[in-house]
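One structure is given below, encoded as structure tokens.
The values are calculated or read from the model by the stated rules, or taken from the named source; none is laboratory data. Predicted model only: the values in this text are computed from it and were never measured. Here the Cβ positions follow ideal geometry from the backbone for every residue, glycine too, while neighbour counts run over all protein chains shown.
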Amino acid sequence: MKRLLLFVKNATKYLPMLVLILFTLSACASRSYMKVNYQLPENVPEKPAITKIRLSVVDQRNNPDPLSITAREKLKNFNERYMLIMAPKGDTPVSGVYDLISLFESVFRKRMDQMGIRVVDSTSSQIPKLEVAVTLFQLDLRDYKWHFRMSYTAMLEKVGNALVKETISGESERVDVPGMDDSGTAVSEVYADLINQLDIATLLSKLPPTQ
């Protein structure tokens with residue numbers, strides 16, 4: 001009985017420390033997905049004359065692995081899935097979990113919808129086509145910091161002719177805090193800005209009028 005009381009007393013004494021250790025281990029555990037926050041632009045342009053568009057997202061990365069060797073060592077359970085979180089006014093509604101190309105397609109569909117443009121599945125070359133080619137999406141961990149680089153090229157074409165082309169790229173850096181999952185934050189800090197940096201309305205305005 002005395003041994004039992006002694007064990008309970010010691011367990012109670014060290015309980016806060018045990019809870020802290022378990023919390024830290026839980027925070028350090030690598031998820032199978034990465035959280036990516038995205039917010040639509042606040043300034044919505046006037047509805048363009050174009051009401052329908054075809055959308056294609058293609059993978060043209062030289063290195064298809066989104067993680068460097070050192071980042072992969074830290075994020076051992078990551079299976080190249082991304083949880084898209086829309087973040088208006090402090091809310092955090094989860095939009096879904098996607099692979100990389102589906103992630104890009106989802107956010108560009110949301111941008112089109114915000115502009116009043118319907119993305120259609122069609123083979124008609126008369127309907128403008130926006131092709132987004134992801135050329136770089138790389139997360140690295142070095143010098144106790146997360147380094148993220150991203151680049152994509154957007155090409156607008158009609159009747160099989162490439163009419164407008166624009167390349168957008170950027171990078172971010174964030175300190176890796178022990179016990180915190182900052183990998184997704186490092187990605188999110190630049191991802192939304194680069195997606196919204198593409199002026200879709202201006203691209204569409206450069207299309208020649210329909211004959």
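I want to confirm something. Restricting to the range 35-62 and keeping residues that are outside any strand (DSSP E or B) and at pLDDT 95 or above, which single residue is farthest from the chain's Cα centre (by Cα)? Restricting to residues being outside any strand (DSSP E or B) and at pLDDT 95 or above, the top hit is N62.
Figure legend. Inter-residue proximity from the range 60-81: first residues touching a residue at least 24 places away in the same chain (Cβ under 8 Å) and assigned by TED's automatic domain parsing to the domain that holds K145, second residues of a type in the set (F, W, Y) and surrounded by 13 or more Cβ atoms within 10 Å (Cβ to Cβ), beta-carbon distance below 6 Å, spacing 6+ or different chains. Indicated pairs: P66/F137.
Please enumerate the residues belonging to the range 161-175 that are out of contact with any helix residue (DSSP H, G or I) (no Cβ under 8 Å at 6 or more places or on another chain) and in contact (Cβ under 8 Å) with a residue 12 or more places away in the chain. Passing the criteria: L163, K165, T167, V175. The single residue among T202, T167 that is loosely packed, with under 15 Cβ neighbours inside 10 Å, modelled with pLDDT of 95 or more and over 16 Å from the mean Cα position of the chain (by Cα) turns out to be T167.
Only one entry of L130, L141 meets the criterion of being out of contact with any helix residue (DSSP H, G or I) (no Cβ under 6 Å at 6 or more places or on another chain), surrounded by 18 or more Cβ atoms within 10 Å (Cβ to Cβ), of a type in the set (A, V, I, L, M) and on the phi < 0 side of the Ramachandran plot, and that entry is L130.
For the range 149-164, the criterion of a residue being touching a Gly at 6+ places or on another chain (Cβ under 9 Å), in a strand (DSSP E or B) and farther than 16 Å from Y38 by Cβ is satisfied by at least one position. Of all residues in the range 98-127 being hydrophobic (A, V, I, L, M, F, W, C) and within 18 Å of D59 (Cβ to Cβ), which is surrounded by the fewest Cβ atoms within 10 Å (Cβ to Cβ)? It comes out as I101.
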